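Just so it is clear, none of the values below were taken in a lab; they were calculated from the coordinates. Just so you know, these numbers come straight off a predicted model, no measurement behind them. All Cβ positions, glycine included, derive from the backbone under ideal geometry; neighbour counts span all protein chains shown.
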Amino acid sequence: MSKLHWSHPLGPDADALKIAGIDTNLGLKRIGGKRERYESLLHKFAGKQAGAAEAIRAALSVGDASTAEREAHSLKGAASTLGATALADHAAKVETAIKTGQNVDEALESLSHSLVAVVEAILATLPV
């Protein structure tokens, strides 16, 4: 009797999860290979972070740069953990733009587009 050997260290269905804009293999690895937990975190991310760009804009509109910067930083960390590296890069650019006061609108616009695309991809792949 032969033993099954998975070619992928995360198990037989780890490669099956494909979400545009997200390196799911990286995200699964960062979550310890627990697919169910990873999918749960993706759902939470889509729900909680969908409005992050608007929250940043709102904070900036009332002169609260520290809250805006914190929102960008939180989004950057969450996106990076889940494998949404391009989105994390956009959030990092917003964070830097807020710190320096330069190109904030451009950075926020890029972040908004990237965030919408990732959230839509998550919801299309993992419907609630």
Quiz item: Which of the aspartates and glutamates could a cross-linker span from LYS34 if the Cα-Cα distance has to be under 18 Å and same-chain partners fewer than 8 positions apart are dropped?
Solution: ASP13, ASP15, ASP23
Quiz item: So what's the angle, to the nearest 10 degrees on a 0 to 90 scale, between helix 52-61 and the longest Cα principal axis of the chain?
Solution: 10
Practice problem: Taking the Cβ of GLY77 as the centre, find all other residues whose Cβ is under 15 Å away and add up their charges (Lys, Arg: +1; Asp, Glu: -1). | Solution: +2
Self-check item: Calculated [θ] (222 nm, deg cm²/dmol) that DSSP helices of n ≥ 4 give over the chain, each run adding -39,500 (n - 2.57)
Solution: -22500 deg cm²/dmol
Quiz item: Cβ under 14 Å from ALA117's Cβ, ALA117 left aside: what net charge do those residues give with Lys, Arg +1 and Asp, Glu -1?
Solution: -3
Quiz prompt | Net lengthening on full extension, LEU126/THR81 (0.36 nm per residue, minus Cα-Cα) | solution = 14.4 nm
Quiz item: How far, in degrees from 0 to 90, does helix 104-125 lean away from the longest principal axis of the Cα atoms of the chain, to the nearest 10?
Solution: 30
Exercise. List, largest first, the extents of the alpha carbons of region 19-125 along their principal axes, each in whole Å.
Key: 40, 22, 18
Quiz prompt | FRET efficiency, ARG30 to SER66 (Cβ-Cβ, R0 30 Å, nearest 0.05) | solution = 0.60
Quiz item: Distance in nm between label sites at LYS44 and ALA20, each 7 Å beyond Cα in the beta-carbon direction?
Solution: 2.7
Quiz item: For the charge dipole of region 19-125, defined by +1 on Lys and Arg C-beta atoms and -1 on Asp and Glu C-beta atoms about the Cα centroid, which residue among ALA46, ASN25, SER110 has the Cα displaced farthest towards the positive pole?
Solution: ASN25
